[in-house]
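This report concerns only the one structure given below.
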Amino acid sequence: MSDDDYVYDEVTGEWRPASEMAAQAAAAAEVRDSAGNVLADGDSVTLIKDLKVKGTSTTLKQGTVIKSIRLTDNPEEVDCRHDAIKGLVLRTEFLRKR
């Protein structure tokens, strides 16, 4: 075996196979909604809670459909548009995939 086959995992303090570490990193990068469904660019989602939008007097009601979401670098947030609000960023804990 060569040294390239194993990678040091700083979390556990152990040397682990590189393929195992790559699979774990890919699973962590998946964006999931509140129900655990995997989200992708262009998906439609529904709000599961009334949300007050910072900087406006608008409240997005539970059940509001948001179309064509875009994933961000943060797996806990998605970028989207709503009729009344442009440049809206929502946390995935308040969304459910349609």
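The values are calculated or read from the model by the stated rules, or taken from the named source; none is laboratory data. In this text, all values refer to a predicted model and were calculated from it rather than measured experimentally. Backbone-built Cβ (ideal geometry, glycine too); neighbour counts: all protein chains shown.
Looking at the stretch 75-97 only, could you name the residues that are part of a loop (DSSP other than H, G, I, E, B) and either surrounded by fewer than 12 Cβ atoms within 10 Å (Cβ to Cβ) or of a type in the set (S, T, Y) (or both)? Within the stretch 75-97, E76, D83, A84, K86, G87 qualify.
Scanning the stretch 14-43 for residues that are in a loop (DSSP other than H, G, I, E, B), within 19 Å of V89 (Cβ to Cβ) and modelled with pLDDT of 90 or more gives V31, D33, S34, L39, A40, D41, G42, D43. Of all residues in the stretch 8-28, those being surrounded by 10 or more Cβ atoms within 10 Å (Cβ to Cβ) and either touching a Lys or Arg at 6+ places or on another chain (Cβ under 7 Å) or in contact (Cβ under 8 Å) with a residue 24 or more places away in the chain (or both) number 1. Take the conditions surrounded by 14 or more Cβ atoms within 10 Å (Cβ to Cβ) and in a loop (DSSP other than H, G, I, E, B) and apply them to S68. Does it pass? Taking the combined requirement at face value, the residue does not satisfy it. For the stretch 26-53, a residue qualifies if it is of a type in the set (A, V, I, L, M, F, W, C), over 11 Å from V78 (Cα atoms) and in contact with a strand residue (DSSP E or B) (Cβ under 7 Å, 6 or more places away or on another chain), and the qualifying residues are A35, V38, L47, I48, L51, V53.
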